[in-house]
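Written out below as structure tokens is the structure these notes cover.
Every read-out reported here was derived from the displayed coordinates using simple, explicitly stated rules and does not represent laboratory data. Because the structure is a prediction, the values reported are computed rather than measured. Cβ placement follows ideal geometry from the backbone for every residue including glycine, while neighbour counts extend to all protein chains displayed.
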Amino acid sequence: MRGFSDEERREIEERLVETGRDLFTRYGFQKTTMQDITEQVGIGEGTFYQFFDSKSGLYIRILLREQNELIDAVEAELEGLTDSDEQLDRLFRRWVAEFEQRSLLLRSHRNPQQIVQAANGQDFAELRDDISNRMTPLIADIQKRSDGYITEIRPEAVIELLSLLEVVAANKDAHDELGWSGYDGFKEIVITILKQGLLWQ
């Protein structure tokens, strides 16, 4: 079996990740086959296993990358802010904006059964803990700067509330396809209610 240089390995792995991201986004985990992926990358299925243990392994790697890119964007958005009202507002708006752009992550979060089918227990825990470990300090910082209701609840509960914003993002395509113009207003109402509720004294 032909070996690859370090540079070739990096290039092939990146092509597998990008191709997998595109195919999983368009067709979902179940309908995307190993052959679909390897043919587009230009490698054999045997070669695939030099990079990932399974299609599931590739899928989980892609989701972890998507999550980390999402949280990187949130951290950059909140950097330097000291007002809890502005922090929450920017957090919620960035969260929705990222899910509007990340169709694969949105699909997996709105249909967790897809992750369950793809992931073993360890992978699922890694995905869950990845968000919790990185978001908890950000939420704790907002709590420290507020004297509202948010100080009375666990950071994990605030993280769970973010899933409501994923529902908002999931409605964008439906509004666009149906020609409805109310999406931005709907998003604004949800963000305002969540923010005011958490900062209520």
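Please report the net charge: other residues with Cβ closer than 14 Å to the Cβ of Ser132, K and R +1, D and E -1. Mind dumping the intermediate values first?
On the way: positive: Arg128, Arg134, Arg154; negative: Glu126, Asp129, Asp130, Glu156, Glu160.
Neighbourhood net charge equals -2.
Under the combined filter of DSSP loop state and at most 12 neighbouring Cβ atoms within 10 Å, the stretch 102-201 retains these chymotrypsin sites (Phe, Trp or Tyr not before Pro): Trp180, Trp200. Straight-line cross-link reach from Lys55 at under 30 Å between alpha-carbon atoms covers these lysines, not counting any fewer than eight positions away in the same chain: Lys31, Lys172. About its Cα centre, the dipole of the chain is roughly 460 debye, where the only charges are +1 on Lys and Arg Cβ and -1 on Asp and Glu Cβ. Each Lys and Arg contributes +1 and each Asp and Glu -1, all at the Cβ; summed about the Cα centre of the stretch 1-52, the dipole is approximately 200 debye. If you take the beta carbon distance between Arg90 and Ser54 as r and set R0 to 41 Å, what does 1/(1 + (r/R0)^6) give as a FRET efficiency, to the nearest 0.05? Calculated value: 0.60.
Between helix 6-31 and the chain there is an angle of about 70 degrees, using the helix long axis and the longest principal axis of the Cα atoms. Our estimate of slack between Glu18 and Phe186, defined as 0.36 nm per intervening residue step minus the Cα-Cα distance, is 57.2 nm. Near Leu16: Cβ cut-off under 13 Å, other residues only, Lys/Arg at +1 and Asp/Glu at -1. The net charge is -3. Find the centroid of the Cα atoms in the stretch 27-41 and in the stretch 142-201, then give the distance between the two in whole Å. Result: 35 Å between the Cα centres.
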